[in-house]
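These notes are about the structure you will find just below.
The values are calculated or read from the model by the stated rules, or taken from the named source; none is laboratory data. Values in this document were obtained by computation on a predicted structure and should not be read as measured data. Reconstructed Cβ throughout: ideal geometry from the backbone, glycine too, with neighbour counts over all protein chains shown. Remember, those area values only see protein heavy atoms, side chains included, never the ligands or the DNA or RNA. Shrake-Rupley method; radii C 1.70, N 1.55, O 1.52, S 1.80 Å.
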Amino acid sequence: MSKLSRRDILKLTSVAAGGALAARTLPRRLLRARQADKPNVLILLFDTMSAPHLSLYGYGRATTPNFARLAERATVYHAHYSGGCYTIPGTASILTGLYPWHHRAVNPGGPVRRDLAGGNLFRAVGTDYYRIGYGQNMWAELFLRQFHADLDLHLPPDSFAFRNPMLLSGINRRDPMAYIAFDDFLVGGVKLDTPYPGALTLGVLDLAAARGRNTDRDLENRGPRTTPFNGYFYYENRAVFDGIYETIRTAAGRGQPYLGYFHFWAPHGPYAPTEAFTGLFADGAKVPRKPLHPLIEPKTALPDKALDAYSRVYDQYIANVDAEFGRLLDRLQAEALLDNTWIVLLSDHGQLFERGVHGHSSRLVYDPGIHVPLLISAPGQSARVDVRVPTSNVDILPSIVALTGGQPPARLDGALLPGLGGAGVERPVFAMDAKESSAFRPLDRASFVLIRGAYKLILYTGYPGYDDLLELYDLESDPGELRDLAQSDPATARRMLDELNEARHAADAPFIRPKGNQ
Amino acid sequence: MKNRFPTLTQIIPVLSILCVLFYGWTAVMFLWKLSSWLFFLTFGEIAVLAAYASVTNLVESLVLLGILLLAAALLPARWLKDDFSLRGGALAITLAGSMLLINHLSVIDRLGPVAYWPLWILGALLFGMALSSIASRVTIVGRAIVWLGDQFSVFLFILLPMSVVSIVVLLARMLF
């Protein structure tokens, strides 16, 4: 074997160095090439947006002209339902693809079951994506904290807002317990269980800060309206949408596909439309008059006149939010930032203005409380597609994972949405409210819904002082849920009740403790 | 400089009163919330909440004590420093009591606008000073405050180690 010359050694060295460099950069190039094929996904979630109040779905007041504009090049889901009727179960169902009886985020402030938290949307889409999470609702923020490790950008809830120095959970943004400890307990916050703060000094400081904010010069001269407030901090919708626009613009410029989950507080109450919207809808329209429900105490029931007034301001606020959405859409389109982007527009739950109830914290699960909007616009889509079969927010995760080429979690209740590869066949859709049940026990005090085709079955069970109540409605002929068919069509009621009971008992099975260990 | 501050034996009873009031209030509120937390939090998570609460109570007790010590150092010695365990104890009770009152008035919607707050603070200070003055003149009141401070000192043996453990727990959660 001949000796290697100095020239040979130099050649070999340069080849080896080049090979090493290529070996280092090739996976990155391959990764970038793989990423370049992937579309962006922009999820815009409007908290407490009831589909029956959107003109997009035929509501009498022109609340959503800009949603309608997007609908012209989107798939519009007409019978879309949330998993629960308030933020905790509703949002958890979107982010896990599971019904509340599986993810167990059923109580106010309760997290997703710990062993299922790894099956969240952000982990499922994978690390090819730049994953952004923003929850202006502190309960949505609770889940983002739970899934913090799977986020690349976790925006604080008071981003783009008037800062509240008393929002102490910012001390440790990774920790869901920091929110519950400080903002829900020590400082005060939601005050669901006790009106008093857990720490005397923090309570006083929060009062001082809150009163200071109320008289802040920045908040003056805003006309005859209140400033939007989420229970923790004040903000302006325009500033929030501007902030989201900047966030999207920055993400789009990274050269990596992004998944943006933006959970807006509006149009959640307190409704605070800007001056341009406060005069709208002076049409004297009334909310549908419906009988008081047996589960609602007559002394707590609101009169219809009050519901009319609330409904009008709610509609104004939806129109306000719709206008901000339209502005955001136009700005993003003008800069060609949506060219390779799926837009998903939805809500976590609806809002009731009937049967003496205003809001979404009662036990009632009528359609305005759980029927929510869903629009999905594909990149380059130019025509409208209407889907009328019942679908659920649990279908969001599997559908987005399919779009992004991610890895779906092992446990899923949802399926691919029709229009995104789903079959579009009739299947059961469930919704529930179990805030009075323990997350660690069978959900034996709860309101359950099963929707199958045009039929909707409601079961109110386990409420102390009340017998189990069963209601059946044909939503096609009776969208207002005024004619209960449970007595006149017992066969359908029985069949649907059996299906509901089978599903809920299967979900409850892991939580039934052996006798003697109760 | 050291002479401007009260001695440790005078400081500890005041710290005891502050700790018992702040930790005690939080413990009552904690028990109030516990029934709902048991619905959706594990015992480990509830223990973490207790750790957050414990550290917060320690901080608020030390901050209030610091304010009283600063006042003792700045004011003429006979106003506060010389009889710190008694006068400081009276002020500690007044401060915690006024905070409780403010929170309660807010809950029943009787707390005035923010413009009244300086009046509130002035009123609380005047009341505190009056109480400390009465305590130094009326023997039974003075004895009661000093007795409370002494008796409460035993709780420091529980509360302070608990807070130190809590600090370690929370630091570990932040770091890992």
Exercise for review: Might you work out the accessible area of B:LEU21 for me, using a 1.4 Å probe with all protein chains in place, and round it to the nearest 10 Å²?
Suggested key: 60
Point to revise | Probe 1.4 Å, all protein chains present, accessible-area order of A:MET166, B:MET174, A:MET49, largest first | key: B:MET174, A:MET166, A:MET49
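For the stretch A:368-518, what is the convex hull (Cα atoms) projected area averaged across all directions, in square nanometres?
Working: hull surface 47.5 nm².
The Cα convex hull of the stretch A:368-518, projected and averaged over all directions, gives 11.9 nm².
Relative contact order (percent) for the stretch B:1-125, with alpha-carbon contacts under 8 angstrom and 6 or more residues of separation? Each step should come with its number before you reach the end.
Values: 71 pairs, mean separation 50.3, N = 125.
Taking the mean separation of contacting Cα pairs over the length of the stretch B:1-125, I get 40 percent.
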**Study point:** Debye, to nearest 20: dipole size of the protein assembly as shown, +1 on Lys, Arg Cβ, -1 on Asp, Glu Cβ
**Key:** 2420
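Given an 8 Å cut-off on Cα distances and at least 6 residues of separation, report the relative contact order of chain A as a percent. Before the final figure, lay out the partial values.
Numbers: 976 pairs, mean separation 125.0, N = 518.
Reported as a whole number, the value is 24 percent.
Taking R0 as 51 Å, what's the FRET efficiency between A:GLU275 and B:VAL164 from their Cβ-Cβ distance, rounded to 0.05? Before the final figure, lay out each step's value.
Working: r = 54 Å, r/R0 = 1.06.
After rounding, the FRET efficiency stands at 0.40.
Starting from the Cα gyration tensor of the stretch A:275-357, multiply each eigenvalue by 5, take the square root, and state the resulting semi-axes largest first in whole Å.
Numbers: eigenvalues 254, 56, 12 Å².
Working from the Cα gyration tensor, I get semi-axes of 36, 17, 8 Å.
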**Study point:** Within straight-line cross-link reach of B:LYS81, aspartates and glutamates at Cα separation under 20 Å, skipping those fewer than 8 residues along the same chain
**Key:** B:ASP150
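Pick out, in residue order, every one of the GluC sites (Glu not before Pro) in the stretch A:333-441 that is DSSP loop and has at most 14 other C-beta atoms within 10 Å; say none if there are none.
Details: sites: A:GLU335, A:GLU354, A:GLU426, A:GLU436; in loops: A:GLU335, A:GLU426, A:GLU436.
When the GluC sites (Glu not before Pro) of the stretch A:333-441 are filtered for loop state and at most 14 Cβ neighbours within 10 Å, A:GLU335, A:GLU426 remain.
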**Study point:** Residues listed by number, the stretch A:444-486, amide nitrogen under 12 Å from A:ILE296 label point at 7 Å toward C-beta
**Key:** none
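Taking all protein chains as present, what is the carbon and sulfur share of the accessible area of the protein assembly as shown, in % to the nearest whole number, probe 1.4 Å? Don't jump to the answer; show the numbers that get you there.
On the way: 18620 of 30000 Å².
Within the protein assembly as shown, the accessible surface is 62 percent carbon and sulfur.
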Practice item. Evaluate the distance, in nm, between pseudo-label points positioned 7 Å from the Cα of B:THR42 and of A:THR492 along their respective Cα→Cβ axes. Key: 4.5
Study note, to complete from the structure: Residues other than A:PHE281 with Cβ under 10 Å of its Cβ, Lys/Arg counted +1 and Asp/Glu -1, net out at 0
**Study point:** Shielding score for B:17-30, defined as the mean number of other chain Cβ atoms within 10 Å
**Key:** 3
Study note, to complete from the structure: Per DSSP, the loop-located chymotrypsin sites (Phe, Trp or Tyr not before Pro) within the stretch A:391-448 having at most 16 other beta carbons within 10 Å are A:PHE440
Review point. So what does B:LEU160 come to for accessible area, using a 1.4 Å probe and Å² rounded to 10?
Key: 60
**Study point:** Stokes-Einstein D in µm²/s, Kirkwood radius over Cα pairs - the stretch A:243-381 at 10 °C with 1.306 mPa s viscosity
**Key:** 91
Exercise for review: Taking H placed 1.01 Å from N in the peptide plane, check which residues at least 5 places from A:GLY84 or on another chain put their amide H under 5 Å from its amide H.
Suggested key: A:GLY90, A:MET432
Check your understanding: To the nearest whole percent, what portion of all C-alpha pairs in the stretch B:51-176 is separated by more than 22 angstrom?
Key -> 49
Exercise for review: Give, to the nearest whole percent, the P(r) tail of the stretch A:318-441 beyond 25 angstrom, counting all Cα pairs.
Suggested key: 40
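So with the 1.4 Å probe, I'd like the accessible area per residue for chain A, rounded to whole Å².
Working: 20450 Å² over 518 residues.
Ligands and nucleic acids excluded, the figure is 39 Å² per residue.
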Review point. At a probe size of 1.4 Å, how large is the accessible area of B:TRP117, to the nearest 10 Å²?
Key: 30
Review point. Quick one: what do you get for chain A if you divide its Cα Rg by 2.2 N^0.38 Å?
Key: 1.06
Revision key, fill the gap. Percent of all Cα-Cα pairs per 10 Å bin for the stretch B:1-49, counting from 0 up to the last occupied bin, reads 22, 31, 21, 16, 9, 1
**Study point:** Percentage of interatomic Cα-Cα distances in the stretch A:60-99 larger than 17 Å
**Key:** 53
Point to revise | Descending semi-axes in Å of the stretch A:429-518, equivalent ellipsoid built from Cα gyration tensor | key: 27, 13, 11
